[in-house]
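**Student:** Input: one structure, supplied below.
The values are calculated or read from the model by the stated rules, or taken from the named source; none is laboratory data. What you are looking at is a predicted structure, and each value in this text was computed from that prediction instead of being measured. Virtual Cβ from ideal backbone geometry, glycine too; neighbours counted across all protein chains shown.
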Amino acid sequence: MKAISLAASPRTLIKTTGSKKVRQGGGLPGVVYGNGEPQTVELEAKQFGKAVKSTQAKNFLVELEIEGKKSIALVQDIQRNPLTNMFIHVDFKRLTKDSVVTAQVPLRPLGTAEGAKLGGVMLTPMHTITLKGRPADIPETLEPDVSHLEVGQSIYLEELALPKGVTAIGSPRALVIAVMTSRMQMMAEAEDAAAAEEAAAAEAAAAEEAAAEGEAPAEEGAKQEGSTDAAEGGEKKED
């Protein structure tokens with residue numbers, strides 16, 4: 001992960017009212033912590049906005065210059081106004097060359113899955129992957145090749161190709177990418193299954209009805225035969 005250069009200065013206006021004045025002046029309040037005493041800082045909101053747009057990573061690496069001194073830091077947390085989406089605060093984590101960090105990296109599949117070409121649908125349940133490792137080793141994005149995936153095939157977390165020394169946080173069998181049957185095909189298959197079930201039920205009903213009709217004449221015949229025997233028995237008694 002490449003570090004983005006940012007300039008900041010110590011912040012004297014603190015607490016809620018101080019942070020509000022910093023933002024009103026076009027600045028962005030922040031704090032740098034880790035490997036030393038925490039330090040409140042402020043930087044230009046526009047400059048920070050450009051840095052955010054220049055990378056796809058949620059947690060990105062910066063070279064932070066404060067009063068002529070440069071240090072490597074990780075953007076740990078960004079707060080935005082829920083109504084305006086403007087930046088209101090940023091947290092930096094100060095690092096060393098040997099620091100091990102966790103960072104959320106966006107997932108960007110490469111290629112078109114073979115299964116998708118045949119009518120399947122590619123699903124990406126995970127849009128970001130949490131990685132752990134040294135900042136310099138963590139990539140800005142993960143771009144697995146999906147062109148070989150057929151319908152019914154998947155890529156799990158443990159199958160992602162990662163740089164040496166970098167590990168993915170989460171269940172190894174967590175589903176990352178899958179190619180499934182298309183919704184239209186699933187609906188068609190469901191309709192075919194329902195039609196087949198309905199036809200089978202109709203056939204069973206017809207067979208049951210035919211069996212019932214075959215039994216009725218036999219019962220009537222038995223009754224008629226019984227009546228004839230009774231009549232003949234009566235005549236013999238008269239003789």
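**Student:** Would you mention how many residues in segment 52-74 are crowded, with 16+ Cβ neighbours inside 10 Å and small (Gly, Ala, Ser)?
**Tutor:** The qualifying residues number 3.
**Student:** Next up: Within segment 23-40, can you find the residues that are without any contact (Cβ under 8 Å) to a residue 60 or more places away in the chain and either within 35 Å of the chain's Cα centre (by Cα) or crowded, with 21+ Cβ neighbours inside 10 Å (or both)? Walk me through how you get there before you give the answer.
**Tutor:** Taking segment 23-40 as the starting set, the residues that turn out to be without any contact (Cβ under 8 Å) to a residue 60 or more places away in the chain are 24-27, 36-40.
If the condition is that a residue be without any contact (Cβ under 8 Å) to a residue 60 or more places away in the chain and either within 35 Å of the chain's Cα centre (by Cα) or crowded, with 21+ Cβ neighbours inside 10 Å (or both), then Gly27 is the only one that fits.
**Student:** Next question. Considering Glu140, Glu150, which residue is part of a loop (DSSP other than H, G, I, E, B) and without any contact (Cβ under 8 Å) to a residue 60 or more places away in the chain?
**Tutor:** Working: Glu140 fails: without any contact (Cβ under 8 Å) to a residue 60 or more places away in the chain.
Within the list Glu140, Glu150, the selection yields Glu150.
**Student:** Does Phe92 count as surrounded by 12 or more Cβ atoms within 10 Å (Cβ to Cβ), within 23 Å of His127 (Cβ to Cβ) and not aliphatic (A, V, I, L, M)?
**Tutor:** On the way: surrounded by 12 or more Cβ atoms within 10 Å (Cβ to Cβ): yes; within 23 Å of His127 (Cβ to Cβ): no; not aliphatic (A, V, I, L, M): yes.
Here the answer is no, as Phe92 does not meet what is asked.
**Student:** Please name all residue pairs, on different chains or six or more residues apart, with Cβ atoms under 8 Å, provided the first residue is in segment 47-75 and is on the phi > 0 side of the Ramachandran plot and the second residue is among the charged types (D, E, K, R).
**Tutor:** So the pair list comes out empty.
**Student:** If you don't mind, another one. Could you say whether any residue in segment 119-131 is closer than 27 Å to Gly36 by Cα, assigned by TED's automatic domain parsing to the domain that holds Ser171 and touching a residue at least 24 places away in the same chain (Cβ under 8 Å)? Walk me through how you get there before you give the answer.
**Tutor:** Filtering segment 119-131 down to residues closer than 27 Å to Gly36 by Cα leaves 130-131.
After this cut, where a residue has to be assigned by TED's automatic domain parsing to the domain that holds Ser171 as well, the list is 130-131.
Pick out the ones that are also touching a residue at least 24 places away in the same chain (Cβ under 8 Å) and you get 130-131.
The answer is yes; a qualifying residue exists.
**Student:** Consider segment 42-80. How many of its residues are closer than 18 Å to Ala136 by Cβ, part of a strand (DSSP E or B) and among the polar types (S, T, N, Q)?
**Tutor:** Within segment 42-80, residues that are closer than 18 Å to Ala136 by Cβ, part of a strand (DSSP E or B) and among the polar types (S, T, N, Q) number 2.
**Student:** Only one of Ser5, Ser9, Ser99 is surrounded by fewer than 18 Cβ atoms within 10 Å (Cβ to Cβ), small (Gly, Ala, Ser), in a strand (DSSP E or B) and within 36 Å of the chain's Cα centre (by Cα); which? Even if it seems obvious, please write down each step before you answer.
**Tutor:** Values: Ser9 fails: within 36 Å of the chain's Cα centre (by Cα); Ser99 fails: in a strand (DSSP E or B).
It is Ser5.
**Student:** Would you say Val151 is at pLDDT below 95, of a type in the set (Val, Ile, Thr) and surrounded by 12 or more Cβ atoms within 10 Å (Cβ to Cβ)?
**Tutor:** Values: at pLDDT below 95: yes; of a type in the set (Val, Ile, Thr): yes; surrounded by 12 or more Cβ atoms within 10 Å (Cβ to Cβ): yes.
Yes, satisfied.
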